[in-house]
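Chemist: Okay, here's the structure, questions in a sec.
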Amino acid sequence: MAKVLVLYYSSYGHIEQMAYAVAEGAKAEGAEVVVKRVPETVPEEVAKGAHFKLDQAAPVATVAELEEYDAIIVGAGTRFGTVASQMRAFWDQTGGVWFNGKLVGKVGSVFTSSGTQHGGQESTILGFIPTFLHHGMVVAGLPYSFQGQTGVEEVKGGSPYGASTIAGGDGSRQPSAIELEGAKFQGATVAKLAAKLSA
Ligand SMILES: Cc1cc2nc3c(=O)[nH]c(=O)nc-3n(C[C@H](O)[C@H](O)[C@H](O)COP(=O)(O)O)c2cc1C
């Protein structure tokens, strides 16, 4: 059984919802799945002033525990076309893990969210992948066998690079059914790959 960590950062709850969908998909493939957050880094008054969702139940992850997993699926929103700094700050503390090669051969995968449809989802995911590669990890995305990512009948996130959702400029749009399906598919894909690699 593969052990999968879904490691997320979410200011307003969109990525939080996607994280549990990713976890559901991985669990359906028989993986042991843990959902955790990275620490908030903005001052509390800033988070409150910006109406961040501060009641998130997932425990906060530590860098030291990363080596316990066969796969790490990272979820974080787009900030100015790249990954949220809270997630970046967490991974910037993994120098010792990298030095000791603790993540070599494990699976890494990314999902994201943005306010606007073309606000940088692909650049966010692709911009994070070098971190996995520097750690010697094997990267998985959202294969086109998830056909929900094709078609233009509705506004939707999701690309071969990873699942995603579009929050809307004011954050009022919630992950749609097809976006949550994409998240589940990505979780299942990673769980299957991790089970094979760790066998
Ligand atoms: C400082 C900041 C920068 C942002 N930059 C972008 C951006 O470049 N493109 C975009 O579409 N959305 C941008 N957004 C919107 C966020 O991506 C959106 O709020 C987030 O994906 C929602 O996910 P969450 O509810 O999990 O936080 C930005 C938001 C903030 C606060």
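Chemist: Where only protein heavy atoms count, and the probe is 1.4 Å, what is the accessible area per residue for the chain in Å²? Mind showing how you got there, number by number?
Modeler: Numbers: 9090 Å² over 199 residues.
Computed with neighbouring chains in place, this is 46 Å² per residue.
Chemist: So what J values fall out for region 75-84 if you push phi through Karplus, 6.51 cos²θ - 1.76 cosθ + 1.60 with θ = phi - 60°, rounded to Hz, Gly and Pro as x?
Modeler: Couplings: x, 7, x, 7, 10, 6, x, 9, 6, 4 Hz.
Chemist: Now a separate question. Please check the chain for the longest run free of chymotrypsin sites (Phe, Trp or Tyr not before Pro) that are loop-located per DSSP (anything but H, G, I, E, B) and have at most 12 other Cβ atoms within 10 Å.
Modeler: Maximal segment without exposed cleavage sites: 1-79.
Chemist: May I pose another question? Quick query: amide H of V33 versus all other amide H atoms, modeled in the peptide plane; which residues come in under 5 Å with a sequence gap of 5 or more or a different chain?
Modeler: Under 5 Å from the amide H of V33: V4.
Chemist: Another question, if that's okay. Taking DSSP loops as anything outside H, G, I, E and B, show the longest stretch in the chain free of GluC sites (Glu not before Pro) there with at most 11 other beta carbons within 10 Å. Could the numbers behind the result be given before it?
Modeler: Numbers: sites that count: E153, E154.
Answer from the scan: 1-152.
Chemist: Please list, or write none, the lysines whose alpha carbon is within less than 26 Å of the alpha carbon of K53, excluding same-chain residues fewer than 8 places away.
Modeler: The qualifying lysines are K27, K36, K156, K184.
Chemist: So, one more: When the accessible area of region 25-184 is computed with all protein chains present and a 1.4 Å probe, what percentage of it is carbon and sulfur?
Modeler: The nonpolar share, carbon plus sulfur, comes to 56 percent.
Chemist: Based on the Kirkwood radius over alpha-carbon pairs, what value in µm²/s does the Stokes-Einstein equation return for the translational diffusion coefficient of region 69-143 at 4 °C and 1.567 mPa s?
Modeler: The estimated diffusion coefficient comes to 102 µm²/s.
Chemist: Using the Cα atoms of region 83-199, I'd like the radius of gyration and the largest Cα-Cα distance, Dmax, both in angstrom.
Modeler: 15.1, 48
Chemist: Taking 1 over the mean of 1/r across every pair of different Cα atoms in the chain, what Kirkwood radius in Å do you get?
Modeler: Working: mean 1/r = 0.0606 Å⁻¹.
Roughly 16.5 Å, rounded to one decimal.
Chemist: Send over the per residue convex hull volume for region 2-77, Cα only, as a whole number of Å³. Each step should come with its number before you reach the end.
Modeler: On the way: hull volume 6.0 nm³, N = 76.
Hull volume over Cα atoms, normalised by residue count, gives 79 Å³.
Chemist: Per-residue ellipticity at 222 nm for the chain, helices alone: DSSP H runs ≥ 4 residues times -39500 (n - 2.57), over residue total, nearest 500 deg cm²/dmol?
Modeler: Calculated mean residue ellipticity at 222 nm is -10500 deg cm²/dmol.
The values are calculated or read from the model by the stated rules, or taken from the named source; none is laboratory data. A quick note: this is a predicted structure, and the numbers were derived from the prediction, not measured. Using ideal geometry, Cβ is built from the backbone for each residue, glycine included, and neighbour counts are taken over all protein chains shown. To get the accessible areas, we keep the full protein, side chains included, count just its heavy atoms, and leave off ligands, DNA and RNA. Shrake-Rupley method; radii C 1.70, N 1.55, O 1.52, S 1.80 Å.
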